[in-house]
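**Q** Before we start, here is the structure in question, set down as structure tokens.
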Amino acid sequence: LFLFVQLIWLGMNVFLFVWYYRVYALGDKYLYTQRLLGAALPLARAPAACLNFNCMLILLPVCRNLLSFLRGSSACCSTRIRRQLDRNLTFHKMVAWMIALHSAIHTIAHLFNVEWCVDARSNNSDPYSIMLSDIGDAPGESYLNFARKRFKKPEGGLYVAVTLLAGITGIVITLCLILIITSSTKTIRRSYFEVFWYTHHLFVIFFIGLAIHGAGRIVRGQTEQSLKDHKYSVCHNRTSEWGKIKDCPIPEFSGNPPMTWYWIVGPMFLYLCERLVRFWRSQQKVVITKVVTHPFKTIELQMKKKGFKMEVGQYIFVKCPKVSRLEWHPFTLTSAPEEDFFSIHIRIVGDWTEGLFNACGCDKQEFQDAWKLPKIAVDGPFGTASEDVFSYEVVMLVGAGIGVTPFASILKSVWYKYCNNATNLRLKKIYFYWLCRDTHAFEWFADLLQLLETQMQERNNAGFLSYNIYLTGWDESQADHFAVHHDEEKDVITGLKQKTLYGRPNWDNEFKTIASQHPNTRIGVFLCGPEALAETLNKQCISNSESGPRGVHFIFNKENF
């Protein structure tokens, strides 16, 4: 389905490009403009139409409240469609790259347009272009060439760039676009999130500039009345007779009215409503009820907020004004909907998380009083793929490192449901995989697995949860220690009955084994982890799913926020 959406989107881009290219290359209205500007005219206007279309789309995938509403509305969205909503950031990036491509074409083409207009105005071009550029000098005439003063290069181009509205806004929005895209690379996002966060908000200036970019009406064509009075086919070779005979009056020109705002006003209004909802929710009081320090520089914040309702696997945005008044950071909820608080686990990996760690007093040995804890603002919760876990009878949960957090919420919820003797639970089997580089990272999660392990055994349903923990990084001394204790009843690392495995899973074997145990079943595969692992699991889902409507089908879902 996502491929179908991509094809429609690409098809619309192709259609708009071809359609507007033909309008400006072949349309009667722009034949004289073509003589002045040549092929650069349609090459500037065709990508401009595509830019309008893509700028209309770019904000929609990041309207998180809208997406959460659609995801939570079964009347609007089936499970299959909801899965496509989880690819919102992928689509957002695709649209962004398309905007970059069309912006480059549009800008380069207009650079040629400016050069040719300046040359024609300074009598440094062919006689026909010079003659067209002189139209508008006499009183009562309307001009075609937007360069009205006579300058030589490069002064003429600079004059156009810094005096015309189209030039000024074009420079501003191009610079904004360059900064937004270059700061959105994976390296910048992960290592310098603040740079990514602040530069991304240049989109406000970008959209303001975009909305008024065409107000100067520099792209001009013949007026409707002039097309009737002055036919190009009759008059274009009789320039000496223009204004002297009835059939060939001096042509009149007018600029195109700005159209961009028609395309973007709707999405901008939706996004404004989105931000107002976020602001309203962020002003509601949040109380930190407990701060737990876990090994491996991980802290857990337990919080309460009036009216807060969540589902498994959802995430929130958190702001701590004591650390930064502007920055919001996303974190997956690790609590279950059945609990009377909500919690997040935060790994200390950057300046902001380090600041929050210190603000909560986690760098001190003594007990921290509740009134000394910093104020926290929370926006959310927002829906993710993990919400659909209970829609399947069999699921595979795959977490890499701290990516295990959404599954903590799911497993806690399962535990609560079993404690309350849930009989209508559709989910019958969980295969849980956790890949981690360091043994210390297992500690905060092991207690939850032990609770589930005990609960399932007490209810004679030990087969409900199968979990495999993989340690992907260890040294020789650790390996020797593990080997000595391998025969003990409980695992030396986690304290669980299920022993820790070393290395990485053989996914081909895992998928084939699960497929053989659950024929004619739709199996949900949920991942929170890196892109490389996502690509591997997606390929396994495709290759191990049967082609017919019956048989086993692996449905891949990935966390994106």
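The values are calculated or read from the model by the stated rules, or taken from the named source; none is laboratory data. Predicted, not measured: the structure shown is a model, and the values here were computed from it. We place every Cβ from the backbone using ideal geometry, glycine too, and count neighbours over all the protein chains shown. Heavy atoms of the whole protein, side chains included, go into the accessibility calculation; ligands, DNA and RNA do not. Shrake-Rupley method; radii C 1.70, N 1.55, O 1.52, S 1.80 Å.
**Q** Within the range 333-385, which residues are touching a strand residue (DSSP E or B) at 6+ places or on another chain (Cβ under 9 Å), open to solvent by 50 Å² or more (accessible area, probe 1.4 Å) and not in a strand (DSSP E or B)?
**A** 340, 370, 375
**Q** Now, a different point. Scan the range 201-212 and give yes if some residue there is part of a loop (DSSP other than H, G, I, E, B) and surrounded by 14 or more Cβ atoms within 10 Å (Cβ to Cβ), otherwise no. So that I can check it myself, show each step before the final result.
**A** Step one: of the range 201-212, the residues part of a loop (DSSP other than H, G, I, E, B) are 201-202.
Right, trim to surrounded by 14 or more Cβ atoms within 10 Å (Cβ to Cβ) and you get 202.
Checking the range 201-212: at least one residue is part of a loop (DSSP other than H, G, I, E, B) and surrounded by 14 or more Cβ atoms within 10 Å (Cβ to Cβ).
**Q** Which residue out of 44, 40 is in contact with a His (Cβ under 9 Å, 6 or more places away or on another chain) and either acidic (Asp, Glu) or modelled with pLDDT of 90 or more (or both)?
**A** 44
**Q** Shifting gears a bit: Limited to the range 240-262, what total is found for residues that are open to solvent by 60 Å² or more (accessible area, probe 1.4 Å) and within 23 Å of residue 27 (Cα to Cα)? Break it down into steps so the answer makes sense when it comes.
**A** As a first pass, look at the range 240-262 and keep what is open to solvent by 60 Å² or more (accessible area, probe 1.4 Å): 240-241, 244, 246-247, 250, 252, 257, 259, 261-262.
Those still in the list that are within 23 Å of residue 27 (Cα to Cα) too: 247, 250, 252, 257, 259, 262.
Summing the residues that are open to solvent by 60 Å² or more (accessible area, probe 1.4 Å) and within 23 Å of residue 27 (Cα to Cα) in the range 240-262 gives 6.
**Q** Taking the criterion of being among the aliphatic types (A, V, I, L, M), surrounded by fewer than 17 Cβ atoms within 10 Å (Cβ to Cβ), at pLDDT below 70 and under 30 Å from residue 292 (Cα atoms), would at least one residue in the range 431-445 satisfy it?
**A** Within the range 431-445, none of the residues are among the aliphatic types (A, V, I, L, M), surrounded by fewer than 17 Cβ atoms within 10 Å (Cβ to Cβ), at pLDDT below 70 and under 30 Å from residue 292 (Cα atoms).
**Q** Any idea which of (1) touching a residue at least 24 places away in the same chain (Cβ under 8 Å); (2) over 30 Å from residue 532 (Cβ atoms); (3) polar (S, T, N, Q) is the one residue 384 doesn't satisfy?
**A** (2)
**Q** How many residues does the range 132-189 contain that are assigned to a loop (DSSP other than H, G, I, E, B), of a type in the set (Val, Ile, Thr) and open to solvent by less than 40 Å² (accessible area, probe 1.4 Å)? Lay out the reasoning, then the answer.
**A** Within the range 132-189, the subset assigned to a loop (DSSP other than H, G, I, E, B) is 135-154, 164, 183-185.
Cutting the leftovers down to of a type in the set (Val, Ile, Thr) gives us 135, 185.
If we keep only those that are open to solvent by less than 40 Å² (accessible area, probe 1.4 Å) too, we end up with 135.
Residues in the range 132-189 being assigned to a loop (DSSP other than H, G, I, E, B), of a type in the set (Val, Ile, Thr) and open to solvent by less than 40 Å² (accessible area, probe 1.4 Å): 1 in total.
**Q** Under 7 Å between Cβ atoms, which residue pairs at least 6 apart in sequence (or on different chains) link something in the range 357-372 that is assigned by the TED database to the domain that holds residue 318 with a partner that is part of a helix (DSSP H, G or I) and at pLDDT 75 or above?
**A** 361/372; 363/357
**Q** Residues that are within 40 Å of the chain's Cα centre (by Cα), among the hydrophobic types (A, V, I, L, M, F, W, C) and assigned by the TED database to the domain that holds residue 30: does the range 130-143 have at least one?
**A** no
**Q** Between a first residue in the range 295-315 that is free of Cβ contacts under 8 Å to residues at least 60 places away in the same chain and a second residue that is outside any strand (DSSP E or B) and hydrophobic (A, V, I, L, M, F, W, C), which pairs have beta carbons less than 6 Å apart while being 6 or more apart in sequence or on different chains?
**A** Hits for this filter: 302/341; 304/341.
**Q** Here's a follow-up. For residues that are buried (at least 16 other Cβ atoms within 10 Å of the Cβ) and under 21 Å from residue 464 (Cα atoms), scanning just the range 484-500, find the one that is modelled with the highest pLDDT.
**A** My answer is 500.
**Q** What are the residue pairs meeting all of these: first residue in the range 109-136, first residue farther than 13 Å from residue 33 by Cβ, second residue modelled with pLDDT of 85 or more and of a type in the set (Val, Ile, Thr), Cβ atoms under 7 Å, and 6 or more apart or on different chains?
**A** That search, which allows pairs on different chains as well, returns 123/130; 131/239.
**Q** Residue 560 passes all but one of (1) at pLDDT 85 or above; (2) closer than 19 Å to residue 408 by Cα; which number fails?
**A** In the conditions (1) at pLDDT 85 or above; (2) closer than 19 Å to residue 408 by Cα, residue 560 misses (1) alone.
**Q** Residue check, residue 326 against (1) touching a His at 6+ places or on another chain (Cβ under 9 Å); (2) of a type outside the set (Lys, Arg); (3) open to solvent by less than 20 Å² (accessible area, probe 1.4 Å), all met but one. Which one?
**A** Result: residue 326 fails condition (3) only.
**Q** Within the bounds of the range 219-239, is there any residue that is open to solvent by less than 80 Å² (accessible area, probe 1.4 Å), basic (Lys, Arg) and touching a Gly at 6+ places or on another chain (Cβ under 8 Å)?
**A** Checked against the condition, which is being open to solvent by less than 80 Å² (accessible area, probe 1.4 Å), basic (Lys, Arg) and touching a Gly at 6+ places or on another chain (Cβ under 8 Å), the range 219-239 yields at least one hit.
**Q** Now for a different question. Is it the case, given these coordinates, that residue 542 is under 16 Å from residue 397 (Cα atoms) and either at pLDDT 80 or above or assigned by the TED database to the domain that holds residue 432 (or both)?
**A** Against the criterion (under 16 Å from residue 397 (Cα atoms) and either at pLDDT 80 or above or assigned by the TED database to the domain that holds residue 432 (or both)), residue 542 does not qualify.
**Q** Please specify each residue of the range 97-127 satisfying the condition of being among the hydroxyl-bearing types (Ser, Thr, Tyr) and not in a helix (DSSP H, G or I). Give the steps one after another, and end with the answer.
**A** Step one: of the range 97-127, the residues among the hydroxyl-bearing types (Ser, Thr, Tyr) are 103, 107, 122, 125.
Answer for the range 97-127, where residues must be among the hydroxyl-bearing types (Ser, Thr, Tyr) and not in a helix (DSSP H, G or I): 122, 125.
**Q** Which of the residues that make up the range 290-304 are open to solvent by less than 70 Å² (accessible area, probe 1.4 Å) and hydroxyl-bearing (Ser, Thr, Tyr)? Walk me through it before giving the result.
**A** Going residue by residue through the range 290-304, those that are open to solvent by less than 70 Å² (accessible area, probe 1.4 Å) are 291-292, 294-295, 298-303.
If the condition is that a residue be open to solvent by less than 70 Å² (accessible area, probe 1.4 Å) and hydroxyl-bearing (Ser, Thr, Tyr), then 298 is the only one that fits.
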